[in-house]
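J.: I'd like to ask some things about the structure below.
Read the figures in this text as sums done on the coordinates, not as results from a lab. Just so you know, these numbers come straight off a predicted model, no measurement behind them. Every residue, glycine among them, receives a Cβ derived from its backbone with ideal geometry; neighbour counts consider all protein chains shown.
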Amino acid sequence: MTVSFRKWVSHSVSNLRDSSKSIASRLFRPIYYIYVAIFLTVTKWRPWGTNVFERAWDAVIILDACRVDALREVEDEYDFLTVEDSITSVGSTSFEWMNHTFDSGYRGEIEQTAYVSGNGYTERVLGQGGDTGHAAMPFGPTEYDVVDPEDFGYLEELWRAEFDDDSEWMINGDAGSRIHPKYTTDRAIRAGREQDAERLIVHYMYPHDPFPLADSPELFRPFDALRSGEISREAAWDEYVTHLRLVLDEVERLLENLDAEEVVITADHGEAFGKYGFYRHVIGCPLSCMRKVPWGKASATDEKKYESRAPAPESSNKTTSAEERLENLGYL
């Protein structure tokens, strides 16, 4: 989060002049970021939620923006999955989740952990101490006490990879394209087999939008269309669950090619879907639709059914910045 009173004033004035938004929306945003400033200041020193490093596990699979009710809806479709419980996440955005999860107080555990992540916040959080740059608040924490990238047992930032649309690692849909979750699976299989780490965290970027299997632009990025009434909540939800199934199919393949006795399937945060006027997850929000995340259990045995062949991020045909990746996900 960018802390700048001047930028907050500038953003607030621009927002108030935006005639495309309702008066209520124009007034709400600057006030909300005052609240966010207070919330982040308090939770920096007194974190709220359960840090995954406080639980026992061999591997954690993060399904970005996965709601508890969505995972329960499809639970019976997957033999490997049992949604035992839910926890309160340490954030309502990936930015907050990473800042609190990878706090230096857990350095010992993190040094024994391999982290394979498709989430572009690794650069901004681990490399810059929490400056996201996507919005401004008038005051608040300017940095967090997070570990450095070198403190991980192994860190692979998959978001650095970019492929041509016709690559096997891409989904090139009617409304837009995006990296296929099987790329994360492939790289996680390799990390699990080759890296000497006691624990593994795999961060999939689904079911977070955009939705490359969608057949229309409104469903590719559904939340603005949902807000404006162009699509129904049911239509947006169905597309979201379709992409949850897409990533769970990949999780199933990962579990057949990984040795981990105790596997947890959870999320960094949830998604709003119109609750109390919020249509997507936002920073500093205490609502359960964003802060309550599933705590599923599974186990994994490497049956050697698949040999990883996906290129490492740095050896792909193109490169992309964290800013570009986060913008594609609707953060910037």
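J.: Test of understanding: ordering E96, E303 by Cβ neighbours within 10 Å, fewest first, what list do you get?
T.: Ranked by crowding around the Cβ, least crowded first: E303, E96.
J.: So, one more: Kindly give the semi-axes, whole Å and largest first, of the ellipsoid equivalent to the chain, taking each as the square root of 5 times a Cα gyration tensor eigenvalue.
T.: Each semi-axis is the square root of five times an eigenvalue, giving 30, 23, 19 Å.
J.: While we're looking at this one, here's another question. Using modelled amide H (1.01 Å from N, peptide plane; none on Pro or chain starts), what sits under 5 Å from the amide H of V146, excluding residues fewer than 5 places away?
T.: Residues meeting the amide H criterion: S104.
J.: Within a 10 angstrom radius of the beta carbon, how do R227, R46 rank from fewest other beta carbons to most?
T.: Lowest count first: R46, R227.
J.: Right, here's the next one. With both bridge residues required to lie in the range 2-328, what share of the DSSP beta bridges run antiparallel, to the nearest 5%?
T.: Roughly 45 percent of the beta bridges in the range 2-328 run antiparallel, per DSSP.
J.: Considering the chain as a Gaussian network with a 10 Å cut-off on Cα pairs, which listed residue, S299, S232, S104, attains the greatest mean-square fluctuation?
T.: Largest GNM mean-square fluctuation: S232.
J.: Under a 10 Å cutoff between Cα atoms, tell me which one of A267, A24, A214 has the largest fluctuation in the Gaussian network model of the chain.
T.: Greatest mean-square fluctuation among the candidates belongs to A24.
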